[in-house]
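The structure under discussion appears below in the form of C-alpha cells.
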Amino acid sequence: MKKIKVCIFSTCLVDLLFPKVGMAMVEVLERLGCETVLPEKQICCGQPTYNSGYSKDSMKTFKNEIDALLSIDADYIVGPSGSCVFMIKEYKDIFKDDPEYGPKAAEIDSKIYEFTQFIYRVLKVVDCGAELDAKVTVHRSCHMTRLIGERTAPFVLLDHVKDIERVPLKNVQLCCGFGGTFSAKRPELSVEMVDEKVKNIVDTDAEILIGTEESCLMNIVGRMNRLGYKIKAMHIAEVLNHNVDINRIKYIKDTDHVVVPANGEGVF
C-alpha cells in the first residue's frame with residue numbers, strides 16, 4: 001500500500017524554541033504510516049509582518065513559502081500551529097487575482113491541515129497509542145478554533161491517551177493575550193488576559209498544561225514562570241508521541257467511535 005506523502009510545514013517558534021515538537025510530529029505521522037518530507041527553503045509564513053500592516057512587504061515571503069511547500073510533490077501539507085496554517089490558507093484570497101500564484105495558493109489551501117485535524121479527519125485515527133499518567137488541562141488556540149474551525153480533534157485524541165486525566169479549563173474559549181503583535185502593541189491588556197488564563201490553569205491543579213499552539217505556550221509559560229508557577233507545558237504532538245505502544249493505535253473504522261463535528265459541543 002502506497003504511503004501518504006506529507007510535506008511538513010514547520011513554524012518559526014518550533015524551529016527556534018520548540019525543536020522537539022517538530023520531531024514529535026514527524027515521529028507520530030511516520031508511525032501512522034506517512035512518509036514525511038521537510039522543504040529546505042521554507043521560512044516564516046509571513047503572518048507577523050502581514051498582520052502589522054506590511055502587506056506589500058510580505059508578498060516576497062508569501063511567494064517563497066508557496067514555492068517551498070509545492071517543491072515537494074506531497075499528498076498533504078501538515079503543520080503544528082493553527083495560526084500559521086490559517087495564514088497559509090489565506091494565501092488563496094491574497095493571490096486570487098495573480099495568474100501565477102493564485103492557482104498555486106488554491107492548491108495549497110486544498111491540502112493543508114493542522115496536525116491533530118489531519119490525524120483525526122484525514123488519517124481517521126482516534127488513538128495514537130500514547131500514554132501519559134498525569135493530570136492535565138488544555139488551552140485552546142483562537143486561530144485553530146475560530147478561523148480554521150476545529151475545536152474537537154485535539155480533545156478526542158487526548159481523551160484516548162492511556163492514563164491521562166484531563167481537567168476542563170475555565171473559560172477555555174478566551175485568548176491567552178498573545179495574539180502575535182497584539183501583545184507588543186497592547187502590552188497592558190495582554191498581561192491582564194494572560195494573568196486570567198494563568199489563574200484558571202493554576203486553579204485546575206493540573207501537573208501539565210497542553211497546548212496546540214507554540215506561541216500560546218510561549219506566552220503562558222513565560223508568564224507562569226515570572227509569577228513563580230512551575231507547571232510543565234507540552235505541545236500536543238509531544239503528548240501523542242509519549243510512551244507509545246503501537247499495539248494500542250486505533251483507527252476510527254475499527255472502533256465504535258462516532259466522528260465528532262469540527263465545531264464540537266463546547267463554547268465558542
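Of the residues making up segment 24-41, one or more are touching a residue at least 40 places away in the same chain (Cβ under 8 Å), touching a His at 6+ places or on another chain (Cβ under 9 Å) and surrounded by 14 or more Cβ atoms within 10 Å (Cβ to Cβ).
Here's the yes/no breakdown for (1) within 16 Å of Val260 (Cβ to Cβ); (2) modelled with pLDDT of 95 or more; (3) touching a Gly at 6+ places or on another chain (Cβ under 7 Å):
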| position | (1), (2), (3) |
| --- | --- |
| Gly149 | yes, no, no |
| Leu157 | yes, yes, no |
| Lys162 | no, yes, no |
| Asn171 | no, no, no |
| Gly177 | no, no, no |
| Thr181 | no, no, no |
| Leu189 | no, no, no |
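Taking residues in segment 197-216 that are touching a residue at least 24 places away in the same chain (Cβ under 8 Å), and partners anywhere that are in a helix (DSSP H, G or I) and among the polar types (S, T, N, Q), the pairs with Cβ atoms closer than 7 Å and at least 6 places apart or on different chains are Thr212/Thr116; Glu213/Ser83; Ser215/Ser83.
Of the candidates Asp97, Asp57, the single residue that is touching a helix residue (DSSP H, G or I) at 6+ places or on another chain (Cβ under 8 Å), farther than 29 Å from Asn247 by Cβ and without any contact (Cβ under 8 Å) to a residue 12 or more places away in the chain is Asp57. Taking the criterion of being touching a strand residue (DSSP E or B) at 6+ places or on another chain (Cβ under 6 Å) and of a type outside the set (Gly, Ala, Ser), the residues of segment 75-87 that qualify are Asp75, Tyr76, Ile77, Val78, Val85. Filtering segment 214-227 to residues that are open to solvent by 40 Å² or more (accessible area, probe 1.4 Å) and more than 20 Å from the chain's Cα centre (by Cα) leaves Arg223, Asn225, Arg226, Leu227.
Taken over segment 163-182, the criterion of being in contact with a Leu (Cβ under 9 Å, 6 or more places away or on another chain) and farther than 18 Å from Met144 by Cβ is satisfied by Asp163, Ile164.
Of all residues in segment 88-103, none satisfies the criterion of being open to solvent by 10 Å² or more (accessible area, probe 1.4 Å) and touching a Leu at 6+ places or on another chain (Cβ under 8 Å). Listed conditions (1) at pLDDT below 95; (2) open to solvent by less than 10 Å² (accessible area, probe 1.4 Å); (3) within 23 Å of Pro19 (Cα to Cα) are all met by Lys230, apart from (2).
Among the residues of segment 233-255, those identified as in a loop (DSSP other than H, G, I, E, B) and surrounded by 15 or more Cβ atoms within 10 Å (Cβ to Cβ) are Leu240, Asn241, His242, Val244, Ile249. Only one of the listed residues (Val125, Val78, Val85) is in contact (Cβ under 8 Å) with a residue 60 or more places away in the chain, open to solvent by less than 30 Å² (accessible area, probe 1.4 Å) and over 23 Å from Phe18 (Cα atoms). That residue is Val125. For segment 230-250, a tally of residues being in contact (Cβ under 8 Å) with a residue 40 or more places away in the chain and of a type in the set (D, E, K, R) returns 4. Ala106 meets the conditions (1) open to solvent by less than 10 Å² (accessible area, probe 1.4 Å); (2) assigned to a helix (DSSP H, G or I); (3) hydrophobic (A, V, I, L, M, F, W, C) in every case but one. The failed one is (1).
The values are calculated or read from the model by the stated rules, or taken from the named source; none is laboratory data. As the structure is a prediction and not an experimental result, all values here were calculated from the model. Cβ coordinates were reconstructed from backbone atoms using ideal geometry, including for glycine residues, and neighbour counts include every protein chain displayed. Note: accessible area is taken over every heavy atom of the protein model, side chains too, but ligands, DNA and RNA are not part of it. Shrake-Rupley method; radii C 1.70, N 1.55, O 1.52, S 1.80 Å.
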